[in-house]
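Asker: Quick one: the structure is below, questions incoming.
The values are calculated or read from the model by the stated rules, or taken from the named source; none is laboratory data. The model shown is predicted, which means the values in this text are computed figures rather than measured ones. Cβ placement follows ideal geometry from the backbone for every residue including glycine, while neighbour counts extend to all protein chains displayed. Note: accessible area is taken over every heavy atom of the protein model, side chains too, but ligands, DNA and RNA are not part of it. Shrake-Rupley method; radii C 1.70, N 1.55, O 1.52, S 1.80 Å.
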Amino acid sequence: MSTYLTKRVLYMLIILFAASLLIFCLYALTPGDFITGNIKLTAERKAELREIYGLNKPVLERYGTWMNNAFHGDFGYSLAQQKPVLQLFGDYIWNSFLLAAVSTFLTWLIAVIIGVISAYKQYSWFDTLVMIAIFAAMSLPSFFIGLFLIKILAVDLKWLPPGGMMTTGSNAAGFAYFKEVVHHMTLPVIVMTLLGLGSLTRYFRSNMIDVLKQDYIRTARAKGLKERKVLFTHALRNALLPAITLVGFELPALFGGSIIIEQIFNWPGIGQLYMKSFGLRDYPLLMGFTMFLAILTVIGTLLSDILYRVADPRVRL
Amino acid sequence: MRKSTLLLSSLMIAGSLLLSACSENGNKDTASTDTPANTAATADPNTAAAGTAAPSAPAVVPAGALSEPFTATDLTKLPAAAQKRTDTIIVGLTDPSGAFTPYFQESGYDGNVSSLLYASLVTVDDKGVPVPELAESWDVSEDQLTYTFHLRKDLKFSDGSPLTADDVAFTWTIQYDKAYDGGSSLPSLKVKGSEAYKAGTAQAIDGITVIDPQTLSVTLEQPNATALVTLGSNVLSKAYYGKDYEFGQLEYIKKLHEKPLGDGPYKLEKFIPGQEVRFVANENYFKGKPKTEHFIYKTTTGDAWQFLETGEVDYASFPATEENIAKLKELGYVNILPYTPSTYGYMQVNLKHEQLSDKRVRQAIAYGLDRQSIYVDAAEGAGAVANIPASPISWSYTDEGINPYKYDPEQAKKLLDEAGWTVGAGGIREKDGKPLSIHYLASKSKNSDIFIAVAKENFAALGIDFQPEIFADFNSLVSKTESGDYDLVSFSTSMLTDPADGFMQFFDGEIAGYDNPAFTELYNKALATTDIEQRKAVYKELYQLFNDELPIIFTNYKKTVYAYNGRIENLSVSPFIGLAGSLPNWTLK
């Protein structure tokens, strides 16, 4: 196990290094840079600024400088936001995390419950209804659901706020602040949960159906075990195993922010910031954030491999 | 290991998908500020012009269905959230980033914030004419080279410390520091001795002289009529921003971005990234403390409608389409103000390409494109056709002797015939065996779609082979343009304060190949004097010249409406400085 880990970590470093080089080159080769878009500047001033920012240097040299700084814990300074990249992460990433964590939790909880029930009652009216609902949810674009709910729940009925994370100008603190945030995140959480629910429910349902057909389930039933025990102890546990791989993938998504949802609901998250930075070619921020996601992805896959082993001792690492 | 490789490749694929999604959205952002018009207009652009020709006319230019300000009809419909506010006004702002130090900010949104935190020496009125603010008056020397500013007495920064000529001198000086990386246009102004300072061979800038705490002068190397407004911008406190200054070291100032010290109507109370910027009235403001104690810029990225409808913001702008205006009127509780920004849209022409270096071909394109349909009718009235490099709200605007290039395909064909492009096989015009082909670039937007649809037909009717290419975002569009591989590119200017700004692009190398001594002479003549009447006359000549030569093909003006809570009184919006000018006087009924 420990040799496996050392090997894995080593590979991870190589992968990250290759990824960073690739990402850097991709960004560097995208047409235009931070200065290009500023049509107010004279050509002379543009050249001066490229010199100051080092944008006129060869790509590899820029990459070297960037890597060197990154190793020293300096992820650069956002050109557009005029702030250190790490400080910007601190400003925005936790808002994204809050939204993603709550909706991921709800998505999984609901998906497991519905998935198990509809697999157990396959072809029943409940199962049919669930399948129809799932296809409906999966085929609706997020901006449509988002705007539709804003129109109904926020503008017409005035039950929920149309966007933001707190009431504008509010000085609420402590529990009042908590309540305010919960109130504001309800709509985006509903939409995000709805959107994630479809595929995950289908996944659990089909896993569960496969497991329920297995011989050991039949054996368990034949032994006279209670149906509940068969379902939750024997079947569910085995049906959930493959889902551990999915958990690894969730990690970057938790911190990556949802560009569209954050945009629609005016949520102060990192996804929106990332999107704007791309339009402006704010390389330090783009690089820093992309690398951050790459690191999370690699860590996420490692975690899921280890978890898989913990959950299923037959798996050899 | 194989699994890891697989994962890596899926990460890459996912990454590239994300990128393409980003670029599309990113473009939407830039498109709204940088590409031509998604806005409104009168049926006849000349009516708009007539309204501004008279010097005393108000800055209100009719927009679509709205020809004059509309007053709220039923304030009882005002949402409870807006009804409750007694000393706070909330306005939506796309994306303030927290860099609130003037001259050091990269986004216009931060500029909106700092415009409330800092006052200027000189500001401009609704027509763009310079008027005193922190400076009580100024003198310009005979040779138009030396500007002497006389500051008001007892000016204070918001912390109560005095604002003197030293602060102004400091503000100018640091912009000539070699480490200065901001986007201010001051560094391109040739102040005497500024180059020596930048090179590090002089301790101070020769041309800047502090005469007494209330007076200072600055000498330029060559006359420049835009200098007054450029020099007369915001003032930074030397005691605060200059405390740690050493030549070549400006890093320290970044730490002060979120803790601004200004002299404007409001002070920064709190900045919450991605959410809001809170202001509180500045009791040391030279015009007296603003009437409304609190002001908030709420960060809004999405649709402004929902926030106006739920009363979360008091003020928002919309394209002046007839539909929008009708919908706003129906709300009942908003006042509506028509508005034309000080920008213009144009197609940059590749003058190096043989076919377009001929004036007649450019004129043929202007005649042969149905601009009225593209920019006015398709935009539901939220736009107007442009024919000169100035917005109808500028003091220099004129339509005297200006050819409106009304849609006239016959005239266009005649001009092309004259230029030697004759219809060849397949209906495409040819000259010396080469087909007349136009490679058109634009960034992705609804307007580009409309343009291409109409232009395809228009160009086909003229016998021009039209090849449009659409870019997902603004930066790629500019890059492609810089590579020179294009015939026409759609752009829009940023806000123009001085009429000279409208011609700037012909000097900084952006539009290569337009080499007309008559233009250069007129342009310099207009900059060599600060007398408005004299400048007006020169600009009229320049506009007529450009209108005839079409070194760029003018397309359109945008038209917007502002809708605001009917309880707010004394609100006006300046096309040049936005709402900052009138904000201190706003009151809540």
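Asker: Please verify whether residue B:145 is aliphatic (A, V, I, L, M), touching a residue at least 60 places away in the same chain (Cβ under 8 Å), away from chain A (no Cβ under 14 Å) and out of contact with any helix residue (DSSP H, G or I) (no Cβ under 9 Å at 6 or more places or on another chain), treating the condition exactly as stated.
Answerer: So residue B:145 fits the description; yes.
Asker: Let me spell it out: the conditions are (1) open to solvent by 10 Å² or more (accessible area, probe 1.4 Å); (2) within 30 Å of residue A:267 (Cα to Cα); (3) outside any helix (DSSP H, G or I), and residue B:217 meets all of them except one. Which number is the exception?
Answerer: (2)
Asker: Open to solvent by less than 60 Å² (accessible area, probe 1.4 Å) and within 14 Å of chain A (Cβ to nearest Cβ) - does that describe any residue in region B:401-418?
Answerer: No, because not a single residue in region B:401-418 is open to solvent by less than 60 Å² (accessible area, probe 1.4 Å) and within 14 Å of chain A (Cβ to nearest Cβ).
Asker: Another one. Does region B:189-204 hold any residues that are within 14 Å of another protein chain (Cβ to nearest Cβ) and open to solvent by 70 Å² or more (accessible area, probe 1.4 Å), and which are they?
Answerer: Listed by number, the residues that qualify are B:190, B:195, B:199.
Asker: If residue A:90 satisfies all but one of (1) crowded, with 19+ Cβ neighbours inside 10 Å; (2) of a type in the set (Gly, Ala, Ser); (3) within 29 Å of residue B:252 (Cα to Cα), what's the number of the condition it fails?
Answerer: Of everything listed in (1) crowded, with 19+ Cβ neighbours inside 10 Å; (2) of a type in the set (Gly, Ala, Ser); (3) within 29 Å of residue B:252 (Cα to Cα), residue A:90 misses just condition (1).
Asker: Could you check region A:169-209 and list, in sequence order, the residues that are open to solvent by 60 Å² or more (accessible area, probe 1.4 Å), within 14 Å of chain B (Cβ to nearest Cβ) and within 23 Å of the chain's Cα centre (by Cα)?
Answerer: Within region A:169-209, just A:183 meets the criteria.
Asker: In addition: Give just the number: which of (1) more than 14 Å from chain B (Cβ to nearest Cβ); (2) surrounded by 22 or more Cβ atoms within 10 Å (Cβ to Cβ) does residue A:261 not satisfy?
Answerer: Unmet for residue A:261, out of (1) more than 14 Å from chain B (Cβ to nearest Cβ); (2) surrounded by 22 or more Cβ atoms within 10 Å (Cβ to Cβ): (1).
Asker: Condition first: open to solvent by 60 Å² or more (accessible area, probe 1.4 Å), more than 14 Å from chain B (Cβ to nearest Cβ) and on the phi < 0 side of the Ramachandran plot. Can you find one or more residues in region A:156-168 that meet it?
Answerer: Looking through region A:156-168, none of the residues is open to solvent by 60 Å² or more (accessible area, probe 1.4 Å), more than 14 Å from chain B (Cβ to nearest Cβ) and on the phi < 0 side of the Ramachandran plot.
Asker: Identify all residues within region A:55-80 that are open to solvent by less than 70 Å² (accessible area, probe 1.4 Å), within 16 Å of residue A:288 (Cβ to Cβ) and assigned to a loop (DSSP other than H, G, I, E, B); write none if there are none.
Answerer: Result: A:73, A:75, A:76, A:79, A:80.
Asker: Testing residue A:106 on (1) farther than 30 Å from residue A:232 by Cβ; (2) within 22 Å of the chain's Cα centre (by Cα); (3) at pLDDT 90 or above, one condition comes back false. Which one is that?
Answerer: (1)
Yes/no matrix, rows are residues, columns are (1) in contact with a His (Cβ under 7 Å, 6 or more places away or on another chain); (2) modelled with pLDDT under 90; (3) within 11 Å of chain B (Cβ to nearest Cβ); (4) open to solvent by 20 Å² or more (accessible area, probe 1.4 Å):
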position	(1), (2), (3), (4)
A:235	no, yes, no, no
A:248	no, yes, yes, no
A:269	no, no, yes, no
A:277	no, yes, yes, no
A:294	no, no, yes, no
A:299	no, no, no, yes
A:315	no, yes, no, yes
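Asker: Let me ask another. Give me the pairs, please: first residue somewhere in region B:480-498 and in contact (Cβ under 8 Å) with a residue 40 or more places away in the chain, second residue anywhere and of a type in the set (Asp, Glu) and part of a loop (DSSP other than H, G, I, E, B), beta-carbon distance under 9 Å, and either six or more positions apart or on two chains.
Answerer: Close Cβ pairs satisfying both conditions: B:481/B:510.
Asker: Could you tell me whether residue A:87 is over 25 Å from residue A:200 (Cβ atoms) and either at pLDDT 90 or above or among the acidic types (Asp, Glu) (or both)?
Answerer: Considered against the rule, which asks whether it is over 25 Å from residue A:200 (Cβ atoms) and either at pLDDT 90 or above or among the acidic types (Asp, Glu) (or both), residue A:87 comes out as yes.
Asker: Residue under question is residue A:52, and the condition is that it be part of a helix (DSSP H, G or I) and touching a residue at least 12 places away in the same chain (Cβ under 8 Å); does it hold?
Answerer: no
Asker: Further, regarding this structure: Pairs needed: first member in region B:365-377, farther than 11 Å from residue B:412 by Cα; second member anywhere, assigned to a helix (DSSP H, G or I) and open to solvent by less than 30 Å² (accessible area, probe 1.4 Å); C-beta distance under 6 Å; at least 6 residues apart or different chains.
Answerer: Partner pairs satisfying both residue conditions: B:370/B:458; B:374/B:451.
Asker: I've got another one for you. Collect the residues in region A:38-54 that are small (Gly, Ala, Ser) and either within 18 Å of residue A:289 (Cβ to Cβ) or at the interface with chain B (Cβ under 9 Å from one of its Cβ atoms) (or both), keeping them in residue-number order.
Answerer: A:43, the sole residue that qualifies.
Asker: For region B:283-308, enumerate the residues that are surrounded by 19 or more Cβ atoms within 10 Å (Cβ to Cβ) and not in a loop (DSSP other than H, G, I, E, B).
Answerer: B:295, B:296, B:297, B:298, B:299, B:305, B:306, B:307, B:308
Asker: Only one of these is open to solvent by 20 Å² or more (accessible area, probe 1.4 Å), at pLDDT below 95 and under 24 Å from residue B:71 (Cα atoms): B:323, B:251, B:258. Name it.
Answerer: Just one listed residue meets the conditions, B:323.
Asker: Could you look through region B:481-495, keep only residues that are open to solvent by 50 Å² or more (accessible area, probe 1.4 Å) and not polar (S, T, N, Q), and pick out the one that is farthest from the other protein chains (Cβ to nearest Cβ)?
Answerer: The selected residue is B:485.
Asker: State all residues of region A:1-37 that are farther than 26 Å from residue A:302 by Cβ, facing another protein chain (nearest Cβ under 10 Å) and either open to solvent by 50 Å² or more (accessible area, probe 1.4 Å) or of a type in the set (Val, Ile, Thr) (or both); if no residue qualifies, say none.
Answerer: Those that are farther than 26 Å from residue A:302 by Cβ, facing another protein chain (nearest Cβ under 10 Å) and either open to solvent by 50 Å² or more (accessible area, probe 1.4 Å) or of a type in the set (Val, Ile, Thr) (or both): A:30, A:31, A:35, A:36.
Asker: Tell me which residues, restricted to region B:140-174, are crowded, with 22+ Cβ neighbours inside 10 Å and acidic (Asp, Glu).
Answerer: The one that is crowded, with 22+ Cβ neighbours inside 10 Å and acidic (Asp, Glu): B:167.
Asker: While we're looking at this one, here's another question. Looking at (1) more than 10 Å from every other protein chain (Cβ to nearest Cβ); (2) open to solvent by less than 40 Å² (accessible area, probe 1.4 Å), can you tell me which one residue B:273 breaks?
Answerer: (1)
Asker: Continuing with this model, one more query. When you go through A:112, A:116 one by one, which is the residue that is more than 23 Å from the chain's Cα centre (by Cα) and aliphatic (A, V, I, L, M)?
Answerer: A:116
Asker: Restricting to region B:239-258, name every residue that is touching a strand residue (DSSP E or B) at 6+ places or on another chain (Cβ under 8 Å) and of a type in the set (Asp, Glu).
Answerer: B:258, the sole residue that qualifies.
Asker: Which of the residues belonging to region A:119-135 are under 12 Å from residue A:206 (Cα atoms), within 29 Å of the chain's Cα centre (by Cα) and open to solvent by 10 Å² or more (accessible area, probe 1.4 Å)?
Answerer: Residue satisfying the conditions is A:131 alone.
Asker: Then there's this: Can you name the residue in region B:439-469 that is within 14 Å of chain A (Cβ to nearest Cβ) and surrounded by 15 or more Cβ atoms within 10 Å (Cβ to Cβ) and is also nearest to residue B:368 (Cα to Cα) among such residues?
Answerer: Among those that are within 14 Å of chain A (Cβ to nearest Cβ) and surrounded by 15 or more Cβ atoms within 10 Å (Cβ to Cβ), it is B:441.
Conditions (1) over 26 Å from residue B:214 (Cα atoms); (2) hydrophobic (A, V, I, L, M, F, W, C); (3) within 12 Å of another protein chain (Cβ to nearest Cβ), marked per residue:
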residue	(1), (2), (3)
B:84	yes, no, yes
B:99	yes, yes, yes
B:113	yes, yes, no
B:129	no, yes, no
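Asker: Same structure, new question: Being among the charged types (D, E, K, R), part of a helix (DSSP H, G or I) and open to solvent by less than 30 Å² (accessible area, probe 1.4 Å) is the filter here; which residues of region B:531-584 pass it?
Answerer: B:535
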